[in-house]
1. Select, from 44, 23, the only residue that is buried (at least 16 other Cβ atoms within 10 Å of the Cβ) and closer than 18 Å to residue 91 by Cα.
2. State which residue is farthest from the chain's Cα centre (by Cα) when the search covers only segment 81-106 and only residues that are more than 25 Å from residue 176 (Cβ to Cβ) and of a type in the set (Gly, Ala, Ser).
3. Anything in segment 74-85 that is crowded, with 24+ Cβ neighbours inside 10 Å and touching a helix residue (DSSP H, G or I) at 6+ places or on another chain (Cβ under 8 Å)? List them, or say none.
4. Please verify whether segment 213-232 includes one or more residues that are under 23 Å from the mean Cα position of the chain (by Cα) and of a type in the set (Ser, Thr, Tyr).
5. When you scan segment 193-222, how many residues do you find that are modelled with pLDDT of 95 or more and polar (S, T, N, Q)?
6. Just the residues that are surrounded by fewer than 23 Cβ atoms within 10 Å (Cβ to Cβ) and of a type in the set (S, T, N, Q), please, taken from segment 47-67.
7. Just for segment 66-113: of the residues that are within 21 Å of residue 11 (Cβ to Cβ) and among the hydroxyl-bearing types (Ser, Thr, Tyr), which one is modelled with the lowest pLDDT?
8. Test each condition in (1) touching a Leu at 6+ places or on another chain (Cβ under 6 Å); (2) touching a residue at least 40 places away in the same chain (Cβ under 8 Å); (3) crowded, with 17+ Cβ neighbours inside 10 Å; (4) not acidic (Asp, Glu) for residue 156 and report the one that comes out false.
Amino acid sequence: MILVLIDHDRGEIDPLSLRALTAARNLGQNVEAVAIGSEGNALAAIVGEYGATVLHVATHSAITDYTPMASGRALKDLVEKLKPAAVLAAGTPRGNEQLAHLSAFLDIPMAAECSEITLGSPHQVLRARWAGNLIESALVHSDLLVASILSFSIEAQATGGAPANVVTFEPSLHPEDSIVRILSRDSGESKGGITLNDAKVIVSGGRGVGGADGFGNLEELATLLGGTVGCSRVVTSSGWRPHAEQVGQTGTKVAPDLYIAAGISGAMQHIAGMKNSKTIVVINTDPEAPILRYADYAIIGDLHQIIPALTSAIRQAKG
């Protein structure tokens, strides 16, 4: 049996977890799911649609929001009871963090960002390293495989199955398991209420934007296209935009229909976060910028002239 951790935010499922369920089904064993927190009860229908026959829901008074160490402890309790062949999760920051705690509690290795898995003795995995610029073939010497699935490496495919049977359990938590917890939230939504994960269009700015005030034109274009604004790590490090808008290995990994990169040179960690976009348009003054290697279309010039021109042309085209 394969156990899949379903990441959710107060009952709202992370779509990448559906890809993890699909990857688990491809291993040829029965698939069960686990959600941490009582809000996970609402996910029975969707996890069943993607192949899980049972949904285990960990409930505890100390689990009121995202608590990664408590999640790891809950997973440990469930693994010791069910004895699955593998525990999988989406290769997101949250998914990797929770699986890392599980591996630490069990004192076994964890394989992150896997694009292919073959169960055996030892297990064989292909996984992304160096922000996806290197694919590593590795052997995992452990009876239980703990692994996360590389984001966007597999398409989510529904089976049309019935809702999963819900089984609740209360993990045995320690007081220190809830030391790391959420104290407050910034929704990370644009003015139009669209998050990076949901956006079909993202207009991202980098150092070339010049400062916080320079993002006004990008916001206007993003709103006109029904999308949202993203940015590179140097932008958030400079305090120009919030971290919730950062695209990259240490931010959010995205795959919109259209990604417009304005004034972004193309550091490895940023490319890792956006290279799965369907269409990439790059606006840069440097014709040798590394990001141009990933562009479907490139505009060489000053973004402060090009972005307003694009906005004006789109407004005219829309009448």
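The values are calculated or read from the model by the stated rules, or taken from the named source; none is laboratory data. Values in this document were obtained by computation on a predicted structure and should not be read as measured data. Note that each Cβ is placed from the backbone with ideal geometry, even for glycine, and that neighbours are counted across all protein chains shown.
1. Values: 44 fails: closer than 18 Å to residue 91 by Cα.
Every option except 23 fails the conditions.
2. Checking each candidate, the answer is 85.
3. Residues of segment 74-85 that are crowded, with 24+ Cβ neighbours inside 10 Å, as a first pass: 74-75.
Selection gives 75 alone.
4. Yes, because at least one residue in segment 213-232 is under 23 Å from the mean Cα position of the chain (by Cα) and of a type in the set (Ser, Thr, Tyr).
5. The qualifying residues number 2.
6. Result: 53, 59, 61, 64.
7. Here the answer is 92.
8. (3)
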